[in-house]
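The values are calculated or read from the model by the stated rules, or taken from the named source; none is laboratory data. Since this is a predicted model, take the numbers as computed values, not measurements. For neighbour counting, all protein chains shown are included, and Cβ atoms are generated from backbone atoms with ideal geometry for every residue, glycine included. Surface accessibility is based on the protein's heavy atoms, side chains included, excluding ligands, DNA and RNA. Shrake-Rupley method; radii C 1.70, N 1.55, O 1.52, S 1.80 Å.
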Amino acid sequence: MSQVLYVPRRLLEETRAHLDREVPKEGVGLWAGRREVERVIPLPNAHPEPRVGYLAEPVALLRALREMEKEGLTLLAIYHSHPKGPAFPSPTDIREARWRVPYVIFGTDGVRAFLLPEGREIPVVLLP
Ligand SMILES: [Zn+2]
């Protein structure tokens, strides 16, 4: 497991564009790649209250993971947004964390990544 997330600037912007389209809802998706992020995969937010929570729609999630595998890409991170909050895990984010990849959070104050539930921060390094 990589301890740093390397993301090309244009893919960070692509992710932000996806999350902007979801406002006022939280947005969710995956970052896939080998060493660095190579693909941004937006997923539908199936949470019953999508303004305050996120749930990657399970069928789309499964399809995305399968396609990734077919292309030889690894799941590097799962991202979601806090349209009105900080880039910091909420109590729900921590409680519901299941993945061993970093959780990237886009908040009003920037982008940060954490391993959850333990809360260790993973640096997000922008590539030109
Ligand atoms: Zn959250």
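From the residues in the stretch 20-46 that are within 17 Å of VAL4 (Cα to Cα) and either assigned to a loop (DSSP other than H, G, I, E, B) or modelled with pLDDT under 95 (or both), which one is least open to solvent (accessible area, probe 1.4 Å)?
GLU36
Among the residues of the stretch 55-106, write down those that are more than 16 Å from the ligand (Cβ to nearest atom) and either of a type in the set (Phe, Trp, Tyr) or under 11 Å from the mean Cα position of the chain (by Cα) (or both). Break it down into steps so the answer makes sense when it comes.
Going through the stretch 55-106, the residues more than 16 Å from the ligand (Cβ to nearest atom) turn out to be 57-76, 100.
LEU75, LEU76, listed by residue number.
Mind listing whichever residues of the stretch 107-116 are within 13 Å of the ligand (Cβ to nearest atom) and open to solvent by 60 Å² or more (accessible area, probe 1.4 Å)? I'd like the intermediate steps shown before the answer.
Just the residues of the stretch 107-116 that are within 13 Å of the ligand (Cβ to nearest atom), to begin with: 107-108, 111-114, 116.
THR108, ARG112 - these are the residues of the stretch 107-116 that are within 13 Å of the ligand (Cβ to nearest atom) and open to solvent by 60 Å² or more (accessible area, probe 1.4 Å).
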